[in-house]
Amino acid sequence: MKGDWPLPLKMPLVGGHEGAGIVVAKGDMASGIEIGDHAGIKWLNGSCLACEFCKTADEPLCAEQKLSGYTVDGTFQQYAIGKAAHVIKLPKDVAFDAIAPILCAGITVYKGLKESGARPGQTIAIVGAGGGLGSLAQQYAKAMGLRVIAIDGGDEKRSMCEQLGSEAYVDFTTSKDLVADVKAVTPEGLGAHAVLLLAASEKPFQQAVSYARPRGAIVAIGLPANAFLKAPVFESVIKMINIKGSYVGNRQDGVEAVDFFTRGLIKAPFKTASLEDLPKVFELMEQGKIAGRYVLKMPE
Ligand code: ZN
């Protein structure tokens with residue numbers, strides 16, 4: 001093969017857009033990875049590596065980005081191709097199915113936590129803490145030395161968040177004053193140092209400024225359809241609130257997110273199904289019956 005980009009992987013097990021497999025061939029200019037190595041393909045399959053964003057490690061913002069399963073063929077196939085510079089080399093003792101969810105959801109929440117600027121010992125309110133992204137975010141936050149305030153609804157999610165080590169759980173379905181309840185569990189009642197918005201509905205995106213601490217950061221990651229991020233100007237200004245978005249992660253973020261996992265700090269619950277079960281998996285997803293993630297096994 002010619003060039004630095006083609007890196008076909010045999011894909012025994014894949015997630016949605018991302019997947020992990022064994023390198024079976026490589027371009028003659030691809031370096032740092034060998035045939036037989038284990039590697040992961042992310043949502044960001046490749047980028048130009050020459051634009052302003054790529055040069056400054058913001059490759060998810062590259063105008064020439066290639067997205068797995070969207071603008072290039074993804075990992076729903078027995079063999080997939082990733083750009084050599086963008087695949088993540090994986091340790092061989094890590095199971096492909098266990099690592100697959102880290103390659104998309106894990107990287108995304110880990111990057112969001114870094115973008116929040118929250119430091120060890122500070123509080124982070126995670127909205128949607130009981131969901132797939134949220135359960136990973138809680139574990140990364142804890143591993144990074146942050147104190148987690150979990151926001152979600154229902155007792156099932158409460159016990160899950162408590163098991164994951166959140167310091168406090170605020171139930172939006174029973175709370176009469178969510179803003180007051182979140183502030184009450186932060187040091188001196190001043191609010192959370194950072195807020196991670198993973199929710200699939202719009203309301204939390206309008207509320208976060210009110211329970212963020214002065215100088216706090218609000219990081220939007222969830223993508224509720226047609227939603228707007230609104231904030232009162234007065235409160236945002238006098239509290240010097242930093243509102244920002246965070247979108248997947250760069251190559252090094254991916255390496256770090258995988259490293260937390262391989263050191264045993266992150267558990268991502270998953271079930272494995274065969275490709276022919278895909279319609280059933282979609283049904284379960286529509287019914288909201290999936291806890292954790294499904295990983296699909298490709299035919300041999
Ligand atoms: Zn670029």
Is there a quick way to get the dipole size of the chain? I mean about its Cα centre, with the Cβ of Lys and Arg at +1 and of Asp and Glu at -1; what is the value in debye to the nearest 20? 480
Looking only at lysines whose Cα falls under 27 Å of Lys244's and that sit 8 or more positions away or on another chain, we get Lys42, Lys55, Lys66, Lys111, Lys114, Lys142, Lys157, Lys183, Lys203, Lys230
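So, by mean Cβ neighbours within 10 angstrom, what's the order for 183-196, 54-67 with the highest one leading? It would help to have the intermediate numbers written out before the result.
Values: 183-196: 20.9, 54-67: 16.4.
So the peptides 183-196, 54-67, ranked by packing, come out 183-196, 54-67.
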Dipole axis of the chain (+1 Lys, Arg; -1 Asp, Glu on Cβ), positive-most option in Gln206, Gly189, Ala257: Gly189
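Would you work out the relative contact order for region 106-245, in percent, from Cα pairs under 8 angstrom that are 6 or more residues apart?
Details: 300 pairs, mean separation 30.6, N = 140.
Normalised by residue count, the contact order of region 106-245 is 22 percent.
For a protection proxy built on the mean count of beta-carbon atoms within 10 angstrom, sort 31-39, 132-140 highest first, please. Kindly include the intermediate steps, with their values, before the conclusion.
On the way: 31-39: 14.2, 132-140: 25.8.
Output ranking for 31-39, 132-140: 132-140, 31-39.
Under the definition of Cα pairs under 8 Å and six or more residues apart, what whole-number percent is the relative contact order of the chain?
Working: 685 pairs, mean separation 54.1, N = 300.
Once normalised by length, the contact order is 18 percent.
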Residues with amide H under 5 Å from that of Met298, placed H, sequence gap 5 or more: Leu13, Val14
With the cut-off at 1.5 for a/c, could you classify region 223-295 from its C-alpha gyration tensor as rounded, prolate or oblate? oblate
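What FRET efficiency comes out for the pair Gln78/Val255, r = Cβ-Cβ distance, R0 = 22 Å, nearest 0.05? Mind dumping the intermediate values first?
Details: r = 26 Å, r/R0 = 1.19.
After rounding to 0.05, the efficiency reads 0.25.
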Which value in deg cm²/dmol, rounded to the nearest 500, describes the helix-derived mean residue ellipticity at 222 nm for the chain, given -39,500 (n - 2.57) per DSSP H run of n ≥ 4 and division by the residue count? -7500 deg cm²/dmol
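Values in this text are rule-based calculations from the coordinates and carry no lab data. What you are looking at is a predicted structure, and each value in this text was computed from that prediction instead of being measured. Please note: Cβ atoms are built from the backbone with ideal geometry, for glycine as well, and neighbour counts cover all protein chains shown.
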